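*Asks:* First the structure, then my questions, so here it is.
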Amino acid sequence: MSVFGKAKAKVEELLGRAEQVYGESHGDAAASLDGEARRLEAEAEEEQAAGEQAAGEDRHPDDDGLAGAR
C-alpha cells in the first residue's frame, strides 16, 4: 500500500471514530454504528497493508516470486 493509501486509511479511521463518538454522545444509534463500521473497515485495511508489507520483507531481494516455476 502506498503512503497515500496508508494516509487515506488513517483518515477514514479517524473520521469513523469521530462519527461514532458523535453518535454515542447525541444518542444517535445510526451514526454510532456507521462510525464504528467505517473505523473497523479502515483498521482492517491498515492491518492488511501491514501484513502484505511483512510478507514482502520475507522475500530475498532477487526473488521474483517464480521460485520453482522455471
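*Asks:* Residue pairs, Cβ under 6 Å, 6 or more apart or interchain, first in region 24-45 and over 27 Å from residue 1 (Cα atoms), second of a type in the set (D, E, K, R) and surrounded by fewer than 18 Cβ atoms within 10 Å (Cβ to Cβ). List them.
*Replies:* Matching pairs, first to second residue: 32/24.
*Asks:* In this structure, does residue 46 turn out to be modelled with pLDDT of 85 or more and touching an Asp or Glu at 6+ places or on another chain (Cβ under 9 Å)? It would help to see each step written out before you state the result.
*Replies:* On the way: modelled with pLDDT of 85 or more: yes; touching an Asp or Glu at 6+ places or on another chain (Cβ under 9 Å): yes.
Criteria met by residue 46.
*Asks:* Within region 16-36, how many residues turn out to be assigned to a helix (DSSP H, G or I), among the acidic types (Asp, Glu) and out of contact with any Asp or Glu (no Cβ under 7 Å at 6 or more places or on another chain)? Lay out the reasoning, then the answer.
*Replies:* Of the residues in region 16-36, the ones assigned to a helix (DSSP H, G or I) are 16-26, 29-36.
Of the ones still in play, those that are also among the acidic types (Asp, Glu) are 19, 24, 34, 36.
Subsequent filtering for residues that are out of contact with any Asp or Glu (no Cβ under 7 Å at 6 or more places or on another chain) retains 24, 36.
Number of matching residues: 2.
Yes or no, residue by residue, for (1) assigned to a loop (DSSP other than H, G, I, E, B); (2) surrounded by 11 or more Cβ atoms within 10 Å (Cβ to Cβ); (3) modelled with pLDDT of 85 or more; (4) of a type outside the set (Ser, Thr, Tyr):
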position: 11; (1), (2), (3), (4): no, yes, yes, yes
position: 14; (1), (2), (3), (4): no, yes, yes, yes
position: 42; (1), (2), (3), (4): no, yes, yes, yes
position: 56; (1), (2), (3), (4): no, no, no, yes
position: 67; (1), (2), (3), (4): yes, no, no, yes
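The values are calculated or read from the model by the stated rules, or taken from the named source; none is laboratory data. Keep in mind that this is a model prediction, so the values were computed, not measured. Here Cβ is always computed from backbone atoms with ideal geometry, including for glycine, and neighbour counts include all displayed protein chains.
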